[in-house]
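Let me begin by presenting the structure, written as structure tokens, before commenting on it.
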Amino acid sequence: MAKQKLIYDCDPGHDDAVALMLAANSPELELLGVTAASGNQTLENTARNACQVLQWLGREEIPVYAGCGRPMVREQLTAGDIHGKTGLDGPVFPPLRKAAEPEHAVAFLIRTLLNSAGDIVVVTSGPMTNLAMALRLEPRIGEKIQRIVLMGGSYSNGNVTPAAEFNILADPEAAHVCFTAGRPVTMIGLDVTRKVLCYPDIVARMAQVNTSASRLFVDLMGHFCRTQKEIYGWEGGPLHDPVTIACLLDPDLVVTKPMHVEIDLSGGPSYGRTNCDAFGYLGLPATADVAVDIDVPRFWDLIEAGLRRYAGMGDGI
Ligand code: RIB
Ligand code: CA
């Protein structure tokens, strides 16, 4: 069976790093490149973190492209309270050998999509600035995007304001451009990612895997779960971003419902909210498949299997 081609746009970020573990070494996937977005931390940090993780995992041949350093319109928003000053606080990495490519992420997205057969899924797990800018710079890529799968938004409440989730709030205009591009969209929001909480028993389970990836997972979760508990009081941090990749590996992992979704660009207290018309009140066509449930045990099985695939690989062996 042909591998699913994907470009992964992310803002590593602890949960992005776990998503990268799945994206970079799954037999079902062909990761064409990683594009770094400014989000959890500044672009300098997120691009370096993507390189660091791929090098650690022994997958440094996968190219990383640095993208836009700022949102399209609003002021920059970061999440150092969760991810720390480096954006990947916790793990201690060896000296970095891998560098980002000289080509800008937006140029890479345009070049790769235009030259494709329309068989590339674009996964985003940070602010959607890079993809939005590519769509604005070269609208012809729209028809070449097989599907946009994003971690972002929620049809309930937010995690930065009562209304808005971080990835959308950090660049609402970019999210609007992507949601209105006329391409199939799968929205993995907080409604399901808050069901995959990385409790201590999950960390202990993954520690038994004993690969470079599992050791990195444990170190990442040590920091991530501590800050999540400090801020939200949860015993386990919600492992948001890997759900996007996991549902490429197992399309039955999440249950989705077609909904008309509009991004609130009002600039008021609901700025950045994903207004999801779950019951069709507006009578408008659906614009996204919104995740409404997830098979939690299956998700953790996919994470464990992903970590096991790194046996004998990477810096951490
Ligand atoms: O709101 C959660 C999202 O914001 C995740 O993608 C996390 O990495 C941050 O980017
Ligand atoms: Ca992220």
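Taking all Cα-Cα distances within the chain, those exceeding 38 Å account for 6%. Longest exposed-loop-site-free stretch of the chain, with chymotrypsin sites (Phe, Trp or Tyr not before Pro), DSSP loop and at most 13 other Cβ within 10 Å? Within the chain, the longest run free of exposed chymotrypsin sites (Phe, Trp or Tyr not before Pro) spans 1-278. For residue 274, the shell of other residues with beta-carbons less than 9 Å away shows a net charge of -2, using +1 for Lys and Arg and -1 for Asp and Glu.
For the chain, relative contact order (Cα pairs under 8 Å, six or more residues apart, normalised by length) works out to 21 percent.
Keeping the other protein chains in place, figure out the carbon and sulfur percent of the accessible area of the chain, with a 1.4 Å probe.
Percent of accessible area from carbon and sulfur atoms in the chain: 54.
Extension gain, residue 313 to residue 119, is 67.0 nm, computed as 0.36 nm per intervening residue step minus the present C-alpha separation.
Each listed q (0.17 Å⁻¹) maps to a log10 I(q)/I(0) for region 167-251 from the Debye sum over equal C-alpha point scatterers, namely -0.84. Modelled label positions at residue 292 and residue 250, each set 7 Å beyond Cα in the direction of Cβ, lie 2.1 nm from each other. Take every DSSP beta bridge whose two residues both sit in the chain; close to 30 percent of them are antiparallel. Taking a straight Cα-Cα cut-off under 30 Å and skipping sequence neighbours fewer than 8 places away in the same chain, the lysines within cross-link reach of residue 257 are 3, 5, 144, 195.
Qualifying trypsin sites (Lys or Arg not before Pro) in region 20-98, where qualification requires a DSSP coil assignment and no more than 15 other C-beta atoms within 10 Å, comprise 85, 97.
With a probe of 1.4 Å, find how much accessible area region 166-317 has per residue, and write the answer as a whole number in Å².
Normalised by residue count, the accessible surface of region 166-317 is 40 Å².
Summed over qualifying helices (DSSP H, 4 residues or more, each -39500 (n - 2.57)) and divided by its residue number, the chain shows a 222 nm mean residue ellipticity of -10500 deg cm²/dmol.
Loop-located GluC sites (Glu not before Pro) across region 1-65 with a Cβ neighbour count of 15 or fewer within 10 Å are 28, 61, with loop assigned by DSSP.
Just add up the charged neighbours of residue 106: K/R +1, D/E -1, any other residue whose Cβ is under 11 Å from the Cβ of residue 106.
Net local charge, residue 106 excluded: -1.
Model label points for residue 207 and residue 107, set 7 angstrom from Cα along the Cα-to-Cβ axis, are 4.6 nm apart.
The values are calculated or read from the model by the stated rules, or taken from the named source; none is laboratory data. None of the values given here were measured: they were computed from a predicted structure. Methodologically, a virtual Cβ is constructed for each residue, glycine included, from the backbone with ideal geometry; neighbour enumeration extends over all protein chains shown. Protein only, heavy atoms only, side chains kept; ligands, DNA and RNA dropped before computing areas. Shrake-Rupley method; radii C 1.70, N 1.55, O 1.52, S 1.80 Å.
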